[in-house]
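Let me begin by presenting the structure, written as structure tokens, before commenting on it.
Derivation of every value follows stated rules applied to the coordinates shown; laboratory data play no part. As the structure is a computational prediction, the values presented were derived from the model and not from experiment. Here the Cβ is made from the backbone with ideal geometry for all residues, glycine too, and neighbour counts use every protein chain on show.
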Amino acid sequence: VIKMNELDLSGKRVLIRADLNVPVKDGKVTSDARILASLPTIEAALAQGAKVMVTSHLGRPTEGEYADEFSLQPVVDYLAAKLSAPVRLAKDYLNGVEVAAGELVVLENVRFNKGEKKDDETLSKQYAALCDVFVMDAFGTAHRAQASTHGVAKFAPVACAGPLLSAELEALGKALDNPARPMVAVVGGSKVSTKLTVLESLSKIADQLVVGGGISNTFVAAAGHNVGKSLYEPDLIPEAKRLMESCDIPLATDVRTAPEFSETAPATVKLVSQVTDNEEILDLGDESAQRLADILKNAKTIIWNGPVGVFEFENFRRGTEIVARAIAESDAFSIAGGGDTLAAIDLFGIKDQISYISTGGGAFLEFVEGKTLPAVAMLEQRAKG
Ligand code: 3PG
């Protein structure tokens, strides 16, 4: 694909599609990770003297309808405070917008436009007409074939990949295509069903596949243990068994249980073979977490998505903390993605010790699954001419 830094942007109308879909509360951005990741792209275009427009979706508004709570205004306020360039929000832009060189215009939430999610051709052409160069930099939305990610890339005079998108693809490629070994994947989260394809594809690549959270309970049950009231999916036990036959999946030997799923429930550490009907597994025990930590410390490549226990509850945080710190301390090329994973990384303050933190949630998982990201496929098609 063509990369943004290969182009001369000076004096050009440049439209950057970023993923600025960040959490907002009371009109303020509450997690700026995605904006920070997009800033270098915006700054590079401004520094070249381009007429820069940036756009994104935010949340999931009813399509085609304006709603204050989904406005990009909080993002604009954040950018205005960070950048030395003047920044303004354009609400009405589909028929053209005036942008001065060195100025940043943020185009309001693309999901306020009818046809955005359907990848509507008319809308895609309207976006395309706004610019001389379209920069696709929204890795987090690259799995969506929508007008502002995919359609516009088809019709813009020039369509290229932004530096963030390029960096994400490179980091994921490094971890998945020919990884330094041993390669260890950590997949946590509540359900096997939502991550089955990810587990399948990682089971073929990884030397060891660490499962955690509710996912691990299904594997523990598949190994013949009673999981009591734990969250697990009995229907997926055959899948879990099949995965265990084809890949080394280290199972918990001890666990932390609670009488109920609650922030204040006391934790009991016990052998996985001793879980009773009246309790649920909410975290790994220390022995299991330590064994996983040893595996992770020796890894050369680590892919991490999902916490291994209910880390939001202080009493059930230890397993995720031990695993997270082991990933941080490992010399491996480590890559982490997904909202809960990033929250855990923030909580334990280990951000600088992870080699690459992806801005993608769904996009990260789809890439790991080996799926084609439609917006990237379109850039490839355009590059071929
Ligand atoms: C995300 O947060 O994963 C992306 O911004 C995509 O958002 P969406 O799932 O609403 O398309």
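Sort 128-136, 200-208 for me by packing, meaning the mean count of neighbouring Cβ atoms within 10 Å per residue, highest on top.
Details: 128-136: 23.6, 200-208: 18.7.
Top to bottom by mean Cβ count within 10 Å: 128-136, 200-208.
So which GluC sites (Glu not before Pro) in the stretch 69-158 pass both tests, a DSSP loop state and at most 12 other Cβ atoms within 10 Å of the Cβ? Intermediate results must be reported in sequence, preceding the final value.
On the way: sites: 69, 98, 103, 108, 116, 121; in loops: 98, 103, 108, 116.
Here the sparse-neighbourhood loop sites are 98.
Rg and Dmax of the stretch 236-385, Cα atoms, in Å?
Taking only Cα atoms of the stretch 236-385, I get Rg and Dmax of 18.0, 63 Å.
How do 302, 295 rank when sorted from fewest to most other Cβ atoms within 10 Å of their own Cβ?
Ranked by crowding around the Cβ, least crowded first: 295, 302.
Rg and Dmax in Å for the stretch 134-223, alpha carbons only: what are they?
According to the Cα coordinates of the stretch 134-223, Rg and Dmax are 17.3, 57 Å.
Which ³J(HN,Hα) values in Hz, rounded to whole numbers, follow from the phi angles of the stretch 148-159 under the Karplus curve 6.51 cos²θ - 1.76 cosθ + 1.60, where θ = phi - 60° and Gly and Pro get x?
8, 10, 10, x, 4, 5, 6, 9, 5, x, 9, 10
Would you mind checking the stretch 256-272 for residues with the amide N under 20 Å from a putative spin-label position 7 Å along Cα→C-beta of residue 223?
Residues passing the 20 Å test: 256-258, 268-272.
What list do you get for 183, 244 if you sort them by fewest beta carbons within 10 Å?
Details: 183 22, 244 17.
The fewest-first ordering by Cβ neighbours comes to 244, 183.
Taking every pair of Cα atoms in the stretch 169-312, average 1/r, invert it to obtain the Kirkwood radius, and report Rg/Rh to two decimals.
Details: Rg = 15.0 Å, Rh = 15.3 Å.
My calculation puts Rg/Rh at 0.98.
Checking the cross-link filter: which lysines have an alpha carbon closer than 24 Å to that of residue 384, excluding same-chain neighbours under 8 positions apart?
Of all the lysines, those that pass the test against residue 384 - Cα under 24 Å, at least 8 places apart if same chain - are 3, 12, 125, 154, 174, 371.
Rounded to two decimals, what ratio of Rg to Rh does the chain give with C-alpha atoms and a Kirkwood Rh?
Numbers: Rg = 22.5 Å, Rh = 22.0 Å.
Here the Rg-to-Rh quotient is 1.02.
Going 7 Å from the Cα of residue 314 in the Cα-to-Cβ direction, what parts of the stretch 328-343 have a backbone nitrogen less than 13 Å from that spot?
none
Quick one: length gained pulling residue 263 to residue 177 fully straight, 0.36 nm per residue minus the C-alpha distance?
Numbers: separation 86, 0.36 × 86 = 30.96 nm, distance 4.04 nm.
That works out to 26.9 nm of additional length.
Report relative contact order for the chain in percent, whole number only (criteria: Cα-Cα under 8 Å, sequence separation at least 6). Before the final figure, lay out the partial values.
Values: 873 pairs, mean separation 59.5, N = 385.
Relative contact order of the chain: 15 percent.
What nm distance separates the two modelled labels at residue 235 and residue 97, each placed 7 Å from Cα along Cα→Cβ?
Between residue 235 and residue 97, the simple spin-label model gives 4.4 nm.
Collect residues whose amide H, placed 1.01 Å from N in the peptide plane, falls under 5 Å from the amide H of residue 106; neighbours closer than 5 in sequence don't count.
Excluding prolines and chain starts, which carry no amide H, the hits are 54, 88, 89, 90.
Straight-line reach from residue 270: which lysines have Cα under 22 Å away, leaving out those fewer than 8 places along the same chain?
Cross-link targets: 229.
Amide H to amide H, which residues 5 or more places from residue 159 or on other chains are under 5 Å from it, using H placed in the peptide plane?
134
Just tell me, in residue order, which DSSP H segments of the chain are both 18 angstrom or longer along the helix axis (alpha-carbon based) and at least 0.5 in mean Kyte-Doolittle hydropathy. Walk me through the intermediate numbers first.
Working: long enough: 33-47 (22 Å, 1.22); 163-176 (19 Å, 0.76); 192-205 (19 Å, 0.66).
Span-like helices in the chain: 33-47, 163-176, 192-205.
Estimate the FRET efficiency between residue 271 and residue 3 by the formula 1/(1 + (r/R0)^6), using the beta-carbon distance for r and 51 Å for R0, to the nearest 0.05.
0.45
Could you give the C-alpha radius of gyration of the stretch 29-94 expressed as a fraction of 2.2 N^0.38 Å, taking N as the number of residues it contains?
Working: Rg = 12.7 Å, N = 66, 2.2 N^0.38 = 10.8 Å.
So the Cα radius of gyration is 1.17 times the expected 2.2 N^0.38 Å.
Which FRET efficiency value, to the nearest 0.05, do you get for residue 377 and residue 10 by plugging their Cβ-Cβ distance into 1/(1 + (r/R0)^6) with R0 = 35 Å? Intermediate values should be presented prior to the final figure.
Working: r = 29 Å, r/R0 = 0.84.
Efficiency, from the Cβ-Cβ distance: 0.75.
Taking 8 Å as the Cα distance limit and 6 or more residues as the minimum spacing, I'd like the relative contact order of the stretch 35-147 as a percentage. Walk me through the numbers before you get to the answer.
Numbers: 157 pairs, mean separation 33.7, N = 113.
Normalised by residue count, the contact order of the stretch 35-147 is 30 percent.
With a point put 7 Å past each Cα toward its Cβ, work out how far residue 125 is from residue 191 in nm, to one decimal.
4.1
Skipping prolines and chain starts, which residues have an amide H placed within reach, meaning under 5 Å, of the one on residue 189, given they are 5 or more residues away or on another chain?
Those qualifying (amide H under 5 Å, at least 5 residues apart or on another chain) are 212, 213, 214, 215.
Determine the calculated [θ] at 222 nm for the chain from helices alone, applying -39500 (n - 2.57) to every DSSP H run no shorter than 4 residues and normalising by the residue count; nearest 500 deg cm²/dmol. Intermediate results must be reported in sequence, preceding the final value.
Numbers: 13 runs with 138 residues, N = 385.
Computed ellipticity for the chain at 222 nm equals -10500 deg cm²/dmol.
Using Cα pairs closer than 8 Å and at least 6 residues apart in sequence, work out the relative contact order for the stretch 82-197, in percent.
Details: 129 pairs, mean separation 22.6, N = 116.
Computed value for the stretch 82-197: 20 percent relative contact order.
Evaluate the distance, in nm, between pseudo-label points positioned 7 Å from the Cα of residue 297 and of residue 84 along their respective Cα→Cβ axes.
Computed distance between label sites residue 297 and residue 84 equals 4.6 nm.
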